[in-house]
Amino acid sequence: MIRLRNLSRVYGQGPSATAALRDICLEIPEGAFATVVGTSGSGKTTLLNILGGLDSGYLGEAQVAGRELRALTDRERSAYRNETVGFVFQHFALLEHLTALQNVALPAFFANAREPAPERRAAEVLARVGLGERLHSYPGQLSGGQKQRVAIARALYRRPRLILADEPTGNLDTATGAQIISLFEELNREDQITVVVVTHEDFLFKNVTCKVRLEDGRQVEGAPC
Ligand SMILES: Nc1ncnc2c1ncn2[C@@H]1O[C@H](COP(=O)(O)OP(=O)(O)OP(=O)(O)O)[C@@H](O)[C@H]1O
Ligand SMILES: [Mg+2]
């Protein structure tokens, strides 16, 4: 599913240049559950941004589902970001003035091929994450864990094959975070979605098949080339 070869990312130029990733080699098979750990500034978000097609300023190879991400045309890249990948963030990134249902159906407005019944699909994925009873609640009326469930439902809406989550439990207490992790594990197991999660709490994960540890942009744990 994911194949990285000598992946490097340097921000800036000259004396102020920062090597955020250095020569990463990694294979994450289809259906895997991968965690990415490492201290602040070790390159975790940089890696996720590349995998998500948000950053193509890298050196080396980054292939997802058999395609080199840098080689995608603008149109292919936006299809990749909208359809192949689902993103989940630490701060939920929900729109406060929209209900859970409307937040989840939002990707329909950016899609070329419109979902035939956006609200039905949104209700379906909200039920999938355990929020079937809160379709019309606004983010301000939901707990942190419930907000993150809405965000996960939004990521699932377009039926992604890959979920990329950047510290999805970073804003949650440990017990709530553990429930969110179980939900990711369930989606991986039951819906065969490949999951890559950046986390500081990898001890909470039960079914990790692939563990990546970054230190100063270098991979110090994980499958070598
Ligand atoms: N847009 C940017 N421009 C310049 N430098 C950047 C940029 N984004 C990240 N960096 C630098 O690249 C390195 C890796 O950053 P990155 O955000 O990937 O780390 P991280 O592991 O996600 O950290 P955190 O745990 O704090 O989120 C850091 O030294 C950071 O300062
Ligand atoms: Mg980060």
### Message
Just to be sure before I move on: is GLN146 more than 24 Å from LEU47 (Cα to Cα), buried (at least 18 other Cβ atoms within 10 Å of the Cβ) and touching a residue at least 12 places away in the same chain (Cβ under 8 Å) in the structure I sent?
### Response
yes
### Query
When both residues are 6+ apart or on different chains and their Cβ atoms are under 7 Å apart, which pairs have a first residue that lies in the range 20-39 and is within 18 Å of ARG9 (Cβ to Cβ), and a second that is away from ligand 1 (no atom under 16 Å from the Cβ) and of a type in the set (Gly, Ala, Ser)?
LEU26/ALA223
### Query
In this structure, is LEU47 touching a strand residue (DSSP E or B) at 6+ places or on another chain (Cβ under 9 Å), modelled with pLDDT of 95 or more, within 15 Å of ligand 2 (Cβ to nearest atom) and within 20 Å of THR209 (Cβ to Cβ)?
yes
### Close pairs from the range 84-112: first more than 24 Å from LEU69 (Cα to Cα), partner at pLDDT 95 or above and in a strand (DSSP E or B), Cβ under 7 Å, at least 6 apart
GLN90/ASP166
### Message
I'm checking my understanding of the structure. Among residues of the range 189-219 that are in a helix (DSSP H, G or I) and more than 16 Å from ligand 2 (Cβ to nearest atom), which one is nearest to ARG161 (Cα to Cα)?
### Response
ASP191
### Message
Among the residues that make up the range 75-84, is at least one of them within 16 Å of ligand 1 (Cβ to nearest atom) and hydroxyl-bearing (Ser, Thr, Tyr)?
### Response
no
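When you go through GLU167, GLU96, GLU186, GLU133 one by one, which is the residue that is among the charged types (D, E, K, R), within 16 Å of ligand 2 (Cβ to nearest atom) and modelled with pLDDT of 95 or more?
That would be GLU167, the only listed residue that is among the charged types (D, E, K, R), within 16 Å of ligand 2 (Cβ to nearest atom) and modelled with pLDDT of 95 or more.
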### Query
Does ARG3 qualify as being more than 16 Å from ligand 2 (Cβ to nearest atom) and within 14 Å of the chain's Cα centre (by Cα)?
no
### Residue that is surrounded by the fewest Cβ atoms within 10 Å (Cβ to Cβ), among those in the range 1-45 that are of a type in the set (Val, Ile, Thr), within 14 Å of ligand 1 (Cβ to nearest atom) and assigned to a strand (DSSP E or B)
THR18
### Query
Across the range 157-188, what is the number of residues that are in a loop (DSSP other than H, G, I, E, B) and among the charged types (D, E, K, R)?
5
### Task
Restrict the check to the range 68-75 and report whether at least one residue is over 25 Å from THR209 (Cβ atoms) and buried (at least 16 other Cβ atoms within 10 Å of the Cβ).
yes
### Query
Any residue at all in the range 50-59 that is over 18 Å from the mean Cα position of the chain (by Cα) and in a strand (DSSP E or B)?
yes
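The values are calculated or read from the model by the stated rules, or taken from the named source; none is laboratory data. What you see is a predicted model; the values in this text were computed from it and never measured. Cβ sites come from the backbone with ideal geometry, for glycine too, and all protein chains shown count toward neighbours.
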